[in-house]
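Quick note: the coordinates plus some simple rules give every number you see, no bench work behind them. It should be emphasised that the depicted structure is a prediction, and the values quoted were computed from it without experimental measurement. All Cβ positions, even for glycine, are placed from backbone atoms using ideal geometry, and neighbour counts span all protein chains on display.
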């Protein structure tokens, strides 16, 4: 696992190195913060607005905003960020999500290159924060186990992602992504400062050391108003505490995107196997949910 972390550090450094070339053109508020849209992701942390049920309720409010963009003929650099506030229900069969809350905030820079065949390669480096709490008046009744991961596996992190998008046939687009997020408490541990690492994990409420994720998606532009799609998302979380259990998640999302001039509506079905989200992260179960998402293109 330490080898994977070092690979992640190298990926972060290499991502930053792509951003040293001077731009040819620049503009403010270019729209989204990535060339490969974050809202297309099946990740539970994707910055989208939506509602899902099955059998407990989830709702989210998300925004993805590019602040500044530098462009050359086929490459561009984007500075921007994203935010997500999500509500979940710990109890089954509740229609309104009013028991737990999780938040995600990221800010970073992304470099992308599109070749003459329309294939896009993107590197991104972000600083981020994840938190999880229960809402007022609710007390989580789950039993506590010695191997539970605290703080919803959240905290502050340095992250890096590599994404790829290409057309594999007329009207068919394939996208893939690999990412790593390194939490603050990991860095002193890498140089043998275990006590400092423990202090940071407790004071900054960090239950994880690092997270690895990957995603593969396919989209078919069947018509101007309907794009069927499928995406497979995977992640693995290494806890800070040696006694805590390692967390994993496999998520399959299928749906039909309904693109508009500025907004895209996505009715979807999701099958989850693995950890939950936020304060429910220690639940390992199989879940089926259906809902709708809205994302600004």
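The figures follow:
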quantity: Most to least packed among 115-124, 264-273 [average Cβ atoms within 10 Å]; calculated: 264-273, 115-124
quantity: All-pairs Cα distance distribution in the stretch 39-120, expressed in whole percent, bin size 5 Å; calculated: 3, 14, 18, 16, 15, 10, 8, 7, 5, 3, 0
quantity: Label-point gap, in nm, between residue 203 and residue 115 - each point 7 angstrom along Cα→Cβ; calculated: 4.8
quantity: The stretch 83-199: radius of gyration and largest Cα-Cα distance (Dmax), Å; calculated: 19.6, 57
quantity: For 261, 40, 241, 142, order by how many other beta-carbon atoms lie within 10 Å, fewest first; calculated: 261, 142, 241, 40
quantity: Per-selection Rg to Rh, the stretch 145-290 - Cα, Kirkwood hydrodynamic radius; calculated: 1.08
quantity: All-pairs alpha carbon distance profile, the stretch 220-297, 10 Å steps from 0, percent; calculated: 17, 38, 25, 15, 4, 0
quantity: Least to most buried among 237, 36, 168, 218 (fewest other Cβ within 10 Å first); calculated: 168, 218, 36, 237
quantity: Two-decimal log10 I(q)/I(0) for the chain, as the Debye equation yields it once each C-alpha is a single scatterer, q = 0.11, 0.14 Å⁻¹; calculated: -0.67, -1.09
quantity: Per-residue Cβ neighbour rank within 10 angstrom, fewest leading, 151, 210, 107; calculated: 107, 151, 210
